[in-house]
Amino acid sequence: QVQVVESGGGLVQAGDSLRLSCAASGRSLSSYVMGWFRQTPGKEREFVAALDWSDGNTYYADFVTGRFTISKDNAKNMVYLQMDSLKAADTAVYYCAARLGGNSRYAPSYNYWGQGTQVTVSS
């Protein structure tokens, strides 16, 4: 079992930056992929970025490439999502998730989820 807790959301203006944090606990993450997803009302949860804990490989949705960066701190079991050049369209609840095995952009394949953190970008 893995527990994940997100933090760092808030209200920012378009063009600003924000860093989300995800604290993971419960067991070794060496076999896990950590992902960030986002969701807006009435829409399905969509993939944002993922990081393979074992080799550090990262994966991004096309709409965030070059603006968002996912990273990890091995010592602290933390995963971060640095979001730059934010747009109003990035407004959503952002979720951190963990899955055992390889990378996936498919939300239902993730086993463990946090409660989400709201990001609001005003234009």
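The table that follows gives values for the structure above.
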{"quantity": "Sites Gln1 and Ala23, calculated FRET efficiency, Cβ-Cβ separation with R0 22 Å, nearest 0.05", "calculated": "0.90"}
{"quantity": "Region 43-107, relative contact order [Cα under 8 Å, separation at least 6], %", "calculated": "32"}
{"quantity": "Region 1-43: relative contact order in percent, alpha carbon pairs under 8 Å with at least 6 residues between", "calculated": "40"}
{"quantity": "Largest-first ordering by accessible area, 1.4 Å probe, given options Leu100, Leu81, Leu11", "calculated": "Leu11, Leu100, Leu81"}
{"quantity": "Karplus 3J(HN,Hα) series, Hz, for region 82-89 with 6.51 cos²θ - 1.76 cosθ + 1.60 (x for Gly, Pro)", "calculated": "7, 10, 10, 6, 5, 10, 4, 5"}
{"quantity": "Rg in Å to one decimal, and Dmax rounded to a whole Å, for the chain via C-alpha atoms", "calculated": "13.3, 41"}
{"quantity": "Solvent exposure of the chain as accessible area per residue, Å², 1.4 Å probe", "calculated": "49"}
{"quantity": "Whole-number percent relative contact order across the chain, with pairs defined as alpha carbons under 8 Å at least 6 apart", "calculated": "36"}
{"quantity": "Selection from Val2, Phe47, Ala92, by position along the positive dipole direction of the chain (Cβ)", "calculated": "Val2"}
{"quantity": "Extended-chain gain in nm, criterion 0.36 nm per residue less alpha-carbon gap, Ser30 and Ser85", "calculated": "16.7 nm"}
{"quantity": "DSSP loop trypsin sites (Lys or Arg not before Pro) with at most 16 other Cβ within 10 Å excluded, longest remaining stretch of the chain", "calculated": "1-26"}
{"quantity": "Accessible surface of the chain, 1.4 Å probe, proportion on carbon and sulfur as whole %", "calculated": "46"}
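The values are calculated or read from the model by the stated rules, or taken from the named source; none is laboratory data. Everything numeric here is computed off the predicted structure, so don't read it as measured data. Note: ideal-geometry Cβ built from the backbone for every residue, glycine included; neighbour counts use all protein chains shown. Surface areas here come from the heavy atoms of the whole protein model, side chains and all, with no ligands, DNA or RNA. Shrake-Rupley method; radii C 1.70, N 1.55, O 1.52, S 1.80 Å.
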